[in-house]
Amino acid sequence: MALNSLVHSLLSRLPAGRPARLAMTGTALLVCFSVAVGVAFSRPAVTTMRTFEIRVIDDDGHPVAGAEVKSGKQQFGVTDSFGIWRRSIRVGDEPSIRFDFRKRSAKAGQRELVATKKFALSATGENNSADRQKRQVVKGSVKMEPARL
């Protein structure tokens, strides 16, 4: 909308007649071309693949199998029988990512286990591709506790 009003204000200053219409058409084409070039060469959002390897344990240090793993509203799966969750995820240029873990109790009377943890994402852009791939693996552990009522 702002571009349209800019073109209109520029063209309203021109005298009427055939030269003005030609100038108007040329100006409009130039503005459209400039916008198209700007859109074509704008930098896309930076995203990179990160592999996460997270071990989930309970209060006693035992692995928690079948714990749901989410980040925001997106669910990324569950932990395996050893309490490990591995997944490669495309992330933006944020400095960290937060995961929520939840294990529903199969037995009546037991509370579900929950945990939340934020993982730091290292900066990318190193020259050595082996170093870059090595640093893009995020490892960690999470201790789950009974949900508070």
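Overview of values
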item	result
Cβ pairs under 8 Å, 6+ apart, first in the range 49-69 and more than 16 Å from Pro146 (Cα to Cα) and free of Cβ contacts under 8 Å to residues at least 24 places away in the same chain, second of a type outside the set (S, T, N, Q) and exposed (fewer than 13 other Cβ atoms within 10 Å of the Cβ)	none
Residue within the range 100-116 that is modelled with pLDDT of 70 or more, farther than 19 Å from Arg148 by Cβ and in contact with a Lys or Arg (Cβ under 7 Å, 6 or more places away or on another chain) present	no
In the range 50-92, the residues that are in contact with a Phe, Trp or Tyr (Cβ under 8 Å, 6 or more places away or on another chain), surrounded by fewer than 17 Cβ atoms within 10 Å (Cβ to Cβ) and assigned to a loop (DSSP other than H, G, I, E, B)	Ala65
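The values are calculated or read from the model by the stated rules, or taken from the named source; none is laboratory data. Here the structure is a predicted model, which means the values were calculated and not measured. All Cβ positions, glycine included, derive from the backbone under ideal geometry; neighbour counts span all protein chains shown.
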